[in-house]
Amino acid sequence: MKNKRLDLSYSQMKWETIFKQILKIMSVLILVLVAGILITLIVESMPSIKSLGIKFLWGKVWDPVQNIYGAYPFLVGTLLTSFIALIISIPFSYAISIYLGEYNPKGWLSNLLKNTIELIAAVPSIIYGFWGLFVLVPLIRTFEMKIGVAPYGIGVFTSSLVLAVMIIPYAASLGISLIRMVPSPLKEGAYALGATHFEVIRSVIMPYTRSGLFAGVLLSLGRALGETMAVTMLIGNTSAVANTIKDAIFGPGNTMASVIANEFTEADHTVYLSALIELGLVLFFVTVIINLIGKRIITKFTNY
Amino acid sequence: MDARIGIRNTKSTLFKGLIVFLAFLITLPLIIVLLYIIKQGITQVNWHFLTHVPAPVGETGGGISNALLGSFIIVVMSSIVAIPVGILAGIYLSENPGTKLAYYSGLCVDILQGVPSIVVGIVIYFWIVKPLGTFSAISGSVALAIMMLPIVIRSTEQTLRLLPPSLKEAALSLGVPYHRVIIKVIIPCGFAGILSGIMLSIARIIGETAPLLFTAFGNPYLSSAITKPMETLPHLIYTYATSPYDEWHNLAWGASFILLMFVLLLNIFTKLITRKWNIQL
């Protein structure tokens, strides 16, 4: 009897060790997965790194038929769409953060608005792309005719507009919780000195949350850089470099993600395919670095 | 003096007006998109639409049964891979904070969360599609499982961190072995939080298109073979939306409507769970 008990507890202890090992293996698996992604990207882009070298990044011509590969059009396209989207989205995400964080932090209206904004992020990007293609593009075309640029309809500006809407929730939901974290003695102190609500927001809340709000903007930038489907459907997919700034903003273009989506299954020789993967590698590095900086700022901010 | 206060107060009111205006203005695009998709899609949806494969060019009718079945199979397969791994890794992260492994794993979860979905598609192409020699549902599922993982891990970790330590200590002091404490006490207590993380991750991956372009690829026929290409809802929308035929556009509107309803219901349901159990994600 006694031995049986001991056996049981031994087997329980064995299970305990096995269970702990499983937990450990699973989290090692995550490390292996990320390392594997990185290694695969590097190995598969080796042919292009070897044959094209570093000048790949600023080569202005992308012509797979002539076997010339330059990433410049896509780097410009990605940066342009993301930054225009960011500039459009910032006033909105700050406004939502201030409204739901300071003016109206509780109650049904506040909850309703917060949930609605979170739903913006839930709608699949393919649906934004589809809607944009059939509803927004004709509108933009009329707008472009009015201001006197070539009326493509599709293009960098159209994709930026849709992107702007898609990335607002990422900056906003962080901003709301950060503004709610501002200690009320700080605000009350300012009110006691006779400050108006606007002055409290400008001189107390904004300086206090500046770095956190910046981190939110970084996170939404990371989203914008890697966004594929909506942009692919709306940007027009041309690899030529625009001659004027007007053309660059309103004309069609291409981003790193959209050129991969369009040409990956068509790439018929090694260097072509591997040049596309190198674009993926660049995209991976840029988004990862931006995300990690953003997260680092948030951790610092919330640990005060 | 009075005049200055007047100006400052007016400024404050104007600012508030501007903020309120901008905050509510942004719900407009969402409402417009939702209403438009509903208007275009709801007339397409009927029993025939749900149970038939797409009609060839030139024929009217047809449905999206291949995409519905494909999306279902692929989401189930990715859940089978991602949920256990995600929950176990999440438990490790919440149970061993401060260890080196937990720090680097946590870092990798952050990295995974930021990886653009198209890059995941490229990597899975080389891991699975190329060795198998064909696009397949398996490869699509693995790609989506990778997209699911960080969400499941983070929600598990954060839910379990919020549980009072006394729960675990009480169970351990009764002599319950560690693994039984986790399975019988910790997981049931955090169940609602973990479940809502899982539902959010499913809502996220069901609309993902980019990782499927080079993995599950798409298939105009009804197919349940997991080693063959398989159609999914978002991929069907992409191919049919960018086609030049009006009938195919209508099919894509119907498919968008169904996808959108599914995603929205999943999100609202998750919200209700988190509200009922009072969880912060």
Residues within the range A:262-281 that are among the hydrophobic types (A, V, I, L, M, F, W, C) and within 13 Å of A:Gly77 (Cβ to Cβ), tallied
1
Residue list for the range A:251-303, restricted to those being surrounded by fewer than 23 Cβ atoms within 10 Å (Cβ to Cβ), β-branched (Val, Ile, Thr) and not in a helix (DSSP H, G or I)
A:Thr265
With (1) of a type in the set (A, V, I, L, M); (2) over 26 Å from the mean Cα position of the chain (by Cα); (3) within 14 Å of another protein chain (Cβ to nearest Cβ) as the list, and B:Ala170 as the residue in question, which single condition is left unmet?
(3)
Tell me, yes or no, whether the range B:82-90 has at least one residue that is surrounded by fewer than 20 Cβ atoms within 10 Å (Cβ to Cβ) and more than 7 Å from every other protein chain (Cβ to nearest Cβ).
yes
Residues that are within 12 Å of another protein chain (Cβ to nearest Cβ) and within 26 Å of B:Leu149 (Cβ to Cβ): does the range B:244-252 have at least one?
no
When only residues in the range A:222-238 that are more than 8 Å from every other protein chain (Cβ to nearest Cβ), in a helix (DSSP H, G or I) and among the hydrophobic types (A, V, I, L, M, F, W, C) count, which is farthest from A:Ser159 (Cα to Cα)?
A:Ala224
Of the conditions (1) in contact (Cβ under 8 Å) with a residue 24 or more places away in the chain; (2) away from chain A (no Cβ under 12 Å); (3) closer than 30 Å to B:Asn219 by Cβ, B:Cys189 clears all except one; give me its number.
(3)
Which of the residues belonging to the range A:46-66 are in a loop (DSSP other than H, G, I, E, B) and modelled with pLDDT of 85 or more?
A:Gly59, A:Lys60, A:Val61, A:Trp62, A:Pro64, A:Val65, A:Gln66
Do you know which residues across the range A:22-41 are within 23 Å of the chain's Cα centre (by Cα) and either of a type in the set (S, T, N, Q) or away from chain B (no Cβ under 11 Å) (or both)?
A:Thr40
Which condition number does A:Leu178 fail, the rest of (1) more than 9 Å from chain B (Cβ to nearest Cβ); (2) touching a helix residue (DSSP H, G or I) at 6+ places or on another chain (Cβ under 9 Å); (3) within 30 Å of B:Gly6 (Cβ to Cβ); (4) outside any loop (DSSP other than H, G, I, E, B) being met?
(3)
Considering B:Phe49, B:Phe15, B:Phe24, which residue is in contact with a strand residue (DSSP E or B) (Cβ under 9 Å, 6 or more places away or on another chain), surrounded by 15 or more Cβ atoms within 10 Å (Cβ to Cβ) and outside any loop (DSSP other than H, G, I, E, B)?
B:Phe49
Looking only at the range A:284-304, and only at residues there that are of a type in the set (A, V, I, L, M) and touching a residue at least 60 places away in the same chain (Cβ under 8 Å), the one that is nearest to B:Thr215 (Cα to Cα):
A:Val286
Condition first: at the interface with another protein chain (Cβ under 9 Å from one of its Cβ atoms), of a type in the set (A, V, I, L, M, F, W, C) and under 21 Å from B:Thr242 (Cβ atoms). Now tell me which residues in the range A:108-148 satisfy that.
A:Val123, A:Ile126, A:Ile127, A:Phe130, A:Trp131, A:Leu133, A:Phe134, A:Val135
Only one of A:Pro73, A:Pro105 that is more than 9 Å from chain B (Cβ to nearest Cβ), closer than 30 Å to A:Ala267 by Cα and either out of contact with any strand residue (DSSP E or B) (no Cβ under 8 Å at 6 or more places or on another chain) or not in a helix (DSSP H, G or I) (or both):
A:Pro73
So A:Pro151 fits all but one of (1) part of a helix (DSSP H, G or I); (2) closer than 29 Å to B:Ala241 by Cα; (3) more than 8 Å from chain B (Cβ to nearest Cβ); what number is the exception?
(1)
Test of understanding: among B:Ser166, B:Ser139, which residue is assigned by TED's automatic domain parsing to the domain that holds B:Leu266, in contact (Cβ under 8 Å) with a residue 40 or more places away in the chain and not hydrophobic (A, V, I, L, M, F, W, C)?
B:Ser139
Pick from the range B:122-146 the residues that are under 23 Å from B:Leu200 (Cα atoms) and away from chain A (no Cβ under 12 Å): which of them is surrounded by the fewest Cβ atoms within 10 Å (Cβ to Cβ)?
B:Ile138
Quick one: count up the residues across the range B:127-162 that are more than 21 Å from B:Phe72 (Cα to Cα) and of a type in the set (Gly, Ala, Ser).
2
In this structure, does A:Tyr208 turn out to be more than 30 Å from A:Pro124 (Cα to Cα), within 30 Å of the chain's Cα centre (by Cα) and either in a helix (DSSP H, G or I) or among the β-branched types (Val, Ile, Thr) (or both)?
yes
Applying the selection to the range B:27-46, what residues are of a type outside the set (A, V, I, L, M) and part of a helix (DSSP H, G or I)?
B:Thr27, B:Pro29, B:Tyr36, B:Lys39, B:Gln40, B:Gly41
Expected single match for under 27 Å from B:Phe126 (Cβ atoms) and in the same structural domain as A:Leu276 (by TED's automatic domain parsing) among A:Pro64, A:Pro91 is A:Pro64
Go through the range B:52-81 residue by residue and tally those that are surrounded by fewer than 17 Cβ atoms within 10 Å (Cβ to Cβ) and part of a loop (DSSP other than H, G, I, E, B).
8
Filtered residues of the range A:181-202 (kept if within 12 Å of chain B (Cβ to nearest Cβ) and either touching a Leu at 6+ places or on another chain (Cβ under 7 Å) or among the small types (Gly, Ala, Ser) (or both)):
A:Gly194, A:Ala195
Per-region count, the range A:259-294, residues at pLDDT below 90 and under 16 Å from the mean Cα position of the chain (by Cα)
0
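The values are calculated or read from the model by the stated rules, or taken from the named source; none is laboratory data. None of these values were measured; they are calculated from a predicted model. As a convention, Cβ positions derive from the backbone with ideal geometry for all residues, glycine included, and neighbour counts pool all protein chains shown.
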